[in-house]
Amino acid sequence: MRKFIALIGLFVAVCVGEAGAVTMIVVNRNDDPAGQDCDVTVYGLFCSLRQAIFHAAPGDTIEFAPGLSSPIRLNGTELLIRKALTIVGPGAGKLTISAQNQSRVLNLVQPDNYQNIGVSVSGVTLADGFFQGNSGGDNSLQDANGNGLAGGAGHDGFGGCVNADPGMSLTISGTAVRHCAARGGQGGHGAPGKDGSCGLVNPDGSCNLVFAGGKGGIGGQGGAAWGGAIAGALHMDQSSVIDGYAIAGSGGTGGNGGRAGFKGGTAGTPGGGGDGGSAKGGAISASGADPYIRNSTVAISSAVGGSGGDAATSAGAAGKGGNAEAGLFEGGHVWFSTVGYGLVEAGIKGSVGNGGNPGITGGSALGGAAVTGTIVVGIQPNVGLCKYQLSSPDSPSFSEDASCSGDYSFFVRTTLAQELAPLDESAPLPNFMPTWGSPLIDSGSCFYDFDAYDLVDQNGTFRPQGALCDAGAIETDYVFSGGGFEQQAPVN
């Protein structure tokens, strides 16, 4: 089939690029993974999205037929990509690919012995993704001494809408990622200890050989969660990520200590609860070589640590709550973007048992990241916006508290939330618009070492519109009209 397509493509330029890569066209919204939903004509290969991904060769491009209705609904199975591929949609407001909260939307998995494979996605909305790590298994076994074995650890959850495994990298542009969740698996319950017993009874009925009851097994640790919307090596430009949730799993319950024997043998100590899993990057957890977001909005997302597991009895040790950090973005560089209204919530300690501690929180917006020309907004009471102080080289950045401020030009503005319009969730690419007269406008340079640095904003408007570039994802273009100031339509 590949040879046939290549031959007909010699005569049809739209289907074959200069290097022989084929452009495949998605013509329907079907999603049957077992089917062969493609038609070969003299014009090329026409498929459903899943079958186009399956049949594509490395380096191919997938596009969508004009007028294809939205959304494409997945059938409960993620779209698996194991090759270099380019997916070009008609626009984030025109086509949504929804996983219906039953699976991820995209999972980029490294083929054997290959590295640095790039996948590019543009002009679509990826929505309603969900991924949960498996729960740790409950244990019912004892070791040779009669002590209960620990419950299994919960598996990690990551990349609720999109995951890129090591060796794979994702580039997205002009794309919205919405309503995604990654959950860690629950820790398994520990096994009970073996009951105490009498191994040798004297003639008078007393016990001559006593076996103490075994200890209860500890609960398994909850699985971690990261990248509620996107996890992995990421280059993101002119895009939006909202409503991402990284929710770690709870620790398992400890097993009971063995009971005291009837004729002797003391009771075993109860097992402690497992610790809750940690959570980070409620929207995005970036990794790999030089990950970044640029000219983009990341908002209204959260990282929630798992609860500690209960001890078998109040005499046991309660599990520790899981830590939570970076409600919006963890890792990499943030250029000319707006990140806002992240939430971090540490896990509580187990409610049964002594000791144990709640988890700790840090950075309701950003974890480890460098920022340039960026706005960080949305105070969470008693939690700093940033886990670490950040550098802001080359062009000023702004935040609502001092937790982000470090070297270079990083300005704290306690009125920052008032200088942005509310998040426009109805826009194809949701964003925060700076209000008229805000100091965010014309705040810094768009150039670095005399080279063009960031000359197009999230909506396609050229920077700068004034004397200098505006901070954040949106370059405002206000004009005087009808007695007031209005924003011009974005340049597309």
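The values are calculated or read from the model by the stated rules, or taken from the named source; none is laboratory data. Fair warning: this is a prediction, and the values are worked out from it, not measured in the lab. Backbone-built Cβ (ideal geometry, glycine too); neighbour counts: all protein chains shown.
Take Asp112 and decide whether it is surrounded by fewer than 23 Cβ atoms within 10 Å (Cβ to Cβ), closer than 21 Å to Leu85 by Cα and touching a strand residue (DSSP E or B) at 6+ places or on another chain (Cβ under 7 Å). Walk me through it before giving the result.
On the way: surrounded by fewer than 23 Cβ atoms within 10 Å (Cβ to Cβ): yes; closer than 21 Å to Leu85 by Cα: yes; touching a strand residue (DSSP E or B) at 6+ places or on another chain (Cβ under 7 Å): no.
Here the answer is no, as Asp112 does not meet what is asked.
Within the stretch 297-313, residues that are buried (at least 24 other Cβ atoms within 10 Å of the Cβ) have Cβ atoms under 6 Å from residues that are aromatic (Phe, Trp, Tyr) in these pairs: Val298/Phe329; Ala299/Tyr341; Ser302/Tyr245, counting only partners at least 6 apart in sequence or on another chain. Here the stretch 71-98 is the region considered, the condition is being hydroxyl-bearing (Ser, Thr, Tyr) and free of Cβ contacts under 8 Å to residues at least 40 places away in the same chain, and the residue that is farthest from Arg178 (Cα to Cα) is Thr86. Scan the stretch 179-194 and tell me whether some residue there is in contact with a Lys or Arg (Cβ under 8 Å, 6 or more places away or on another chain) and either among the β-branched types (Val, Ile, Thr) or in the same structural domain as Gln221 (by TED's automatic domain parsing) (or both). There is at least one residue in the stretch 179-194 that is in contact with a Lys or Arg (Cβ under 8 Å, 6 or more places away or on another chain) and either among the β-branched types (Val, Ile, Thr) or in the same structural domain as Gln221 (by TED's automatic domain parsing) (or both). So the check is Cβ under 9 Å with 6+ separation or different chains; which pairs have a first residue in the stretch 190-213 that's among the basic types (Lys, Arg) and a second one that's part of a loop (DSSP other than H, G, I, E, B)? Between residues of the stretch 190-213 that are among the basic types (Lys, Arg) and residues that are part of a loop (DSSP other than H, G, I, E, B), the close pairs are Lys194/Asn145; Lys194/Gly146; Lys194/Asn147; Lys194/Gly213; Lys194/Gly214; Lys194/Gly258; Lys194/Gly268.
Out of Ser307, Ser301, Ser314, which single residue is closer than 29 Å to Thr171 by Cα, in the same structural domain as Ser403 (by TED's automatic domain parsing) and either assigned to a loop (DSSP other than H, G, I, E, B) or modelled with pLDDT of 95 or more (or both)?
The conditions single out Ser301.
Taking the stretch 367-377 as the range and being at pLDDT 90 or above and under 19 Å from the mean Cα position of the chain (by Cα) as the test, only Val376 passes. Could you list, in sequence order, the residues of the stretch 149-183 that are at pLDDT 95 or above, part of a strand (DSSP E or B) and of a type outside the set (A, V, I, L, M)? Gly157, Phe158, Asn163, Thr171, Ser173, Arg178, His179, Cys180, Arg183, listed by residue number.
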